[in-house]
Every structure is written in structure tokens, then in C-alpha cells.
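Q: Handing you this structure, nothing more for now.
The values are calculated or read from the model by the stated rules, or taken from the named source; none is laboratory data. Bear in mind the structure is a predicted one, so any value in this text is a computation, not a measurement. Every residue, glycine as well, gets a Cβ built from its backbone with ideal geometry; the counts of neighbours run over all protein chains shown.
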Amino acid sequence: MTQASQPAGYAASGVDIGAGEAAVELIREHVARTGRPEVIGGIGGFAGLFDASKLASYRRPVLATSTDGVGTKVAIASRLGRYDTVGIDLVAMVADDLVACGAEPLFLTDYLVCGSVVPERVAAIVSGVADGCAMAGCALLGGETAEHPGHLGRDDFDLAGAATGVVEADELLGPDRVRPGDVVIAMASSGLHCNGFSLVRMVIDRAGLGLDAELPGLDKPLGEELLVPARIYARDCLSLARECDVHAYAHITGGGLAANLARVLPPDTTAVLDRGSWRPPAVFGILADRGPVDLDEMERVFNMGVGMAAVVAADDADRAVGLLTARGVPAWHVGQVIQAPGTRGTARLTGSHAG
């Protein structure tokens with residue numbers, strides 16, 4: 001019998017249905033520990049179910065939704081064979097976009113696509129998603145694991161997700177609340193978070209740096225530093241908004257601090273930000289030096305040590321810093337909103353970084 005005349009099957013094409021079923025069984029326990037009282041049933045159905053009637057305490061609930069992925073940070077995870085942290089990154093990227101408008105994250109669904117489904121690897125990735133959901137206070141309501149042989153290499157994967165949150169209509173945060181005189185509070189990032197990894201990979205490859213490289217200023221090998229998961233600010237931001245007069249949040253992702261902060265500023269205002277108020281973590285200096293990458297490009301691509309910014313009333317600024325610090329989130333005054341007639345709402349960095 002010729003190869004062409006042999007019976008065709010899904011397994012022969014590279015898709016292992018049995019491995020997919022085994023992966024589902026391994027992730028059940030991780031999904032279960034993210035449960036909220038509004039969740040109906042468990043995984044395995046065609047859709048996740050959430051009982052919105054249990055949100056009856058809201059007078060006029062507004063639903064918010066966000067979707068994102070981890071980007072090419074997954075390539076670093078694959079190279080290191082470390083899969084249990086990128087799920088945290090996914091939740092951070094999605095849940096912290098929701099909280100920027102004041103919304104409480106309710107539930108998340110994920111999409112994992114692999115070149116080859118290895119149940120233990122799938123379980124490790126989803127365990128990270130579950131960890132992130134627990135940190136953000138949202139349920140992992142469901143998801144999809146797909147196998148794409150021939151499209152992705154056996155060890156390649158990608159991870160994306162979408163989440164839904166809820167906020168009281170008259171408590172929405174954003175440009176409508178921001179006024180000249182407001183203070184901008186910076187919240188420290190845990191490192192690179194998830195943005196700019198195509199540039200990161202280009203720099204380390206051109207510089208001939210191995211992921212096991214031990215570099216001055218880093219307390220762990222380079223690869224481990226790159227995989228440090230993004231800080232999840234959702235609970236901290238929600239708590240701060242309950243205690244202080246918060247007018248807006250900006251999640252600092254692709255585009256950097258200035259561009260993302262500008263998204264929550266009204267026309268005729270500018271946020272003036274002082275680089276001298278903080279010192280970026282060492283990993284940013286390493287990338288800038290080894291690239292080399294100039295400061296403007298660094299600030300357009302990376303968070304430079306600020307993962308979230310809050311715009312608060314001036315008389316609550318010191319209290320806001322204290323509350324965040326008490327919750328374990330390093331925070332500081334980074335700038336102020338001023339009048340700028342004729343602008344569309346902008347932010348600009350001044351001075352030089354501390355240290």
C-alpha cells in the first residue's frame with residue numbers, strides 16, 4: 001500500500017485528540033480554584049455561565065470587556081521550558097485594562113494554541129492563568145486549547161484571552177473626571193511585563209547573550225528576569241478607588257508611560273512627569289546599553305518601571321501613596337496635570353532618571 005493510499009486520520013496529521021482530553025482533566029483543579037459565587041457549573045460545556053442576577057447590588061451596572069495576549073514573551077518561556085508564569089501575564093494584561101475604567105474583573109476565558117498538545121505543559125500554562133485570576137479576583141470561566149501542527153513548531157504556543165468586568169455607571173473613571181491640578185501617582189512594575197519582547201529578543205540575540213547570562217544589576221539569570229510575570233494591580237486599584245478620590249487609571253503597556261497616560265487625559269490638559277522621581281530597574285538599562293536603544297525608543301516601547309498610573313485629586317495624593325505602599329505596591333508622586341489650551345490631552349516626561 002502506498003503512503004497516499006493509507007487511511008488518513010487526525011493523529012496522522014499531527015493532532016492528538018486523546019492528549020487534548022487528558023489536558024482538560026489536568027486543568028480542572030486549576031479552574032475550580034478561581035470560582036466565584038456567580039459561576040454556574042464547571043468546564044466542559046460549550047459556554048461558560050455566569051449568573052448576572054447576583055450583581056443586583058448595582059444600581060446601573062455597566063459591563064466592560066477587554067482582550068489581549070502575552071505576545072512574544074511566550075518564545076522566552078518556550079526556550080526556557082518554563083510555562084507556569086505566562087498565564088499570570090495574560091490575566092495582568094486583560095484584567096488591568098478593565099480596572100483602568102474602574103471595572104471589577106468578573107470572569108476570563110483563555111485561548112491556548114500549541115504546535116503539539118503536551119498535557120502537562122498545557123496544565124502548567126493554565127495553572128498560571130488560574131493563579132492570575134485568583135490574584136485579580138475573577139473566575140476562569142472557560143477557554144479553548146487548540147493544536148496546530150504544521151503551523152506552529154512542536155514546542156511553540158501562543159496565549160490570549162478576554163475578560164468581562166462591571167462598574168457602576170456613575171463611578172466610571174476616565175478623562176471626564178480629570179482636572180488640572182490632579183496629581184499623577186506611579187505604581188512600580190515588576191519588570192518588563194509583556195510589551196516589547198520582539199525588541200528584547202532582537203537585542204539579546206544581537207548581543208550574543210544567553211538566557212543563562214548573569215549580568216550586573218540582576219539578581220537572577222537573564223532568562224528568569226525576562227519571565228518575571230507582570231504585576232496585577234486590579235485589587236489594589238479597586239481598593240484605592242474606594243478609599244480615595246481617584247479620577248483615572250492608565251495601564252502602562254505598549255506605547256509607554258506618556259502615551260498610555262495621554263489616553264485618560266481630557267482636551268486642554270497635559271501631564272508633566274518627572275523622570276527624576278524614580279530609577280528604572282536594571283533590566284531596562286541592560287537593554288538600552290546592549291541594543292543600543294535610545295531613550296525615546298525605550299520610553300515608547302517599555303514601561304520603564306511604571307506599570308500603572310493613577311490620576312487623583314491633589315488633596316488625596318499623599319494618602320493614595322500611603323495606601324498603595326501598605327498594600328505592597330511601591331508608589332510615588334510622578335507628576336501633575338496642568339492646563340494646556342489647544343492640546344488634545346498629552347503627557348510629557350522631563351528631567352533625567354534618578355541614580
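Q: Report, by residue number, each residue of region 329-355 that is within 19 Å of residue 296 (Cα to Cα) and touching a strand residue (DSSP E or B) at 6+ places or on another chain (Cβ under 9 Å). Reasoning before the result, please.
A: At the first step, the residues of region 329-355 found to be within 19 Å of residue 296 (Cα to Cα) are 334-335, 346-355.
The answer is 334, 335, 346, 347, 348, 349, 350, 351.
Q: Separate question: Quick one: which helices (runs of 4 or more DSSP H) sit completely within region 67-154 and have at least 2 residues that are touching a helix residue (DSSP H, G or I) at 6+ places or on another chain (Cβ under 7 Å), under 24 Å from residue 203 (Cβ atoms) and aliphatic (A, V, I, L, M)?
A: Working: elements: 73-80, 86-99, 119-136.
Those helices (runs of 4 or more DSSP H) span 73-80, 86-99.
Q: Quick test for you: out of 47, 64, 92, pick the one residue that is within 30 Å of residue 223 (Cα to Cα), touching a residue at least 60 places away in the same chain (Cβ under 8 Å) and aliphatic (A, V, I, L, M).
A: Numbers: 47 fails: within 30 Å of residue 223 (Cα to Cα); 64 fails: within 30 Å of residue 223 (Cα to Cα).
Just a single option satisfies the conditions, and that option is 92.
Q: Just checking, how many residues over region 137-181 are among the hydroxyl-bearing types (Ser, Thr, Tyr) and farther than 23 Å from residue 80 by Cβ?
A: Filtering region 137-181 for residues among the hydroxyl-bearing types (Ser, Thr, Tyr) gives 145, 164.
This time we only want the ones that are farther than 23 Å from residue 80 by Cβ, so: 164.
Counting residues in region 137-181 that are among the hydroxyl-bearing types (Ser, Thr, Tyr) and farther than 23 Å from residue 80 by Cβ gives 1.
Residue by residue, here is whether (1) within 19 Å of residue 95 (Cα to Cα); (2) at pLDDT below 75 holds:
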site: 29; (1), (2): no, yes
site: 34; (1), (2): yes, yes
site: 40; (1), (2): no, no
site: 44; (1), (2): no, yes
site: 54; (1), (2): no, no
site: 59; (1), (2): no, no
site: 64; (1), (2): yes, no
site: 67; (1), (2): yes, no
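Q: So, one more: Scanning for something closer than 22 Å to residue 93 by Cβ and of a type in the set (Val, Ile, Thr), does region 284-299 turn up at least one residue? Can you show your working first?
A: We begin by selecting, within region 284-299, every residue closer than 22 Å to residue 93 by Cβ; these are 284, 287, 297-299.
Okay, now just the ones that are also of a type in the set (Val, Ile, Thr), so none.
No: region 284-299 contains no residue that is closer than 22 Å to residue 93 by Cβ and of a type in the set (Val, Ile, Thr).
For (1) surrounded by fewer than 23 Cβ atoms within 10 Å (Cβ to Cβ); (2) closer than 22 Å to residue 225 by Cα, each residue gets a yes or a no:
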position	(1), (2)
79	yes, yes
86	no, yes
115	yes, no
118	yes, no
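Q: Go through 161, 153, 165, 196 for me and flag whichever is of a type outside the set (D, E, K, R) and surrounded by fewer than 22 Cβ atoms within 10 Å (Cβ to Cβ). Give the derivation first.
A: Details: 161 fails: surrounded by fewer than 22 Cβ atoms within 10 Å (Cβ to Cβ); 165 fails: surrounded by fewer than 22 Cβ atoms within 10 Å (Cβ to Cβ); 196 fails: surrounded by fewer than 22 Cβ atoms within 10 Å (Cβ to Cβ).
One residue alone meets the criteria, 153.
Q: Working carefully through the options 109, 164, 145, find the one that is out of contact with any Gly (no Cβ under 9 Å at 6 or more places or on another chain) and hydroxyl-bearing (Ser, Thr, Tyr). Don't jump to the end; show me each part of the working.
A: Numbers: 109 fails: out of contact with any Gly (no Cβ under 9 Å at 6 or more places or on another chain); 145 fails: out of contact with any Gly (no Cβ under 9 Å at 6 or more places or on another chain).
Just one listed residue meets the conditions, 164.
Q: Looking at region 317-330 only, could you name the residues that are touching a residue at least 24 places away in the same chain (Cβ under 8 Å) and in a helix (DSSP H, G or I)?
A: 317, 319, 320, 321, 323, 324
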